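The values are calculated or read from the model by the stated rules, or taken from the named source; none is laboratory data. Owing to the predicted nature of the structure, the values given are computational and were not obtained by experimental measurement. Keep in mind that these areas ignore ligands, DNA and RNA; they rest on the heavy atoms of the full protein, side chains included. Shrake-Rupley method; radii C 1.70, N 1.55, O 1.52, S 1.80 Å.
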Amino acid sequence: MPASEETGSGPVVHDHRRIDPVTGQVRGRHAASKPAGTRGAGRPAAGPEADSGSGPGEDQPEDKHEDNHEERDAAETQESPEEAPEMVTGQVIKDRKQAVGAEAQLAERTADLQRLQAEYANYRKRVDRDRAAVREQAVVGTLTGLLPVLDAIDKAREHGELSGGFEKVADSLQSALSKLGLVTYGEKGDPFDPNIHEALTGFPSPDVTEDTCFEILFPGYKVGDRILRPAKVAVAKPATGPDGISDEAERPADGEGN
């Protein structure tokens, strides 16, 4: 029988799969160099030719071919040194754009919140101001209507007609009105101020050097800086004119000029 038939010189199939289909485990580096089937299938039998050194020499080219194949497969799965920096640079640019976009959105949301906070603060101030104005207007209207009552109480006190329980009621009323901010002003001897005084009568007096409230006919009332009613007074004017000459000196004496 020919030697080719004894050694089974047919097509040899090598299994390059890295995962063993039977055990499911990863094969070693040189596992793929073994032919499929039995361990010795496809290889020449030991004999005189093997003793001459031809057997081991024939397996070395096959092992080298398998090693080159595995290295080529590993190189294909890895990234080339030129492509790696480009991918890293692209990822950095993408991350930077995302960070810039997030910062822009944060700045926009912060500006919106600040604007809403400012609008709310202005709204609260406006509401508080309107409430204070409404309250003040209500207080002013009530106090203005009670001024004639206070005038009557003052006249009764001047004439000694305010006594007993009526006096206690009058004192309680004036105390309650004071708590609402009502202030009485106008004293004898105060300088006359047309902004807060109303002159009902006036006469010259040598005892004053400027217009002076000689008598308080009706006291004035105010709430804060708002005048409810000016004080009605009698004004004493200086006896001399603006040039320092007495009004009586300007008048000609009886019999002069005839």
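Tabulated data
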| quantity | calculated |
| --- | --- |
| Long-range amide H partners of E198 with built H, under 5 Å | A231, K232, V233 |
| Accessible surface of segment 135-185 [probe 1.4 Å, protein heavy atoms]: carbon and sulfur percent | 58 percent |
| Probe 1.4 Å, protein heavy atoms only - accessible area per residue of segment 132-178 in square angstrom | 63 Å² |
| Under 29 Å from K155, Cα to Cα: lysines that are on another chain or at least 8 residues apart | K168, K179, K188, K222, K232, K237 |
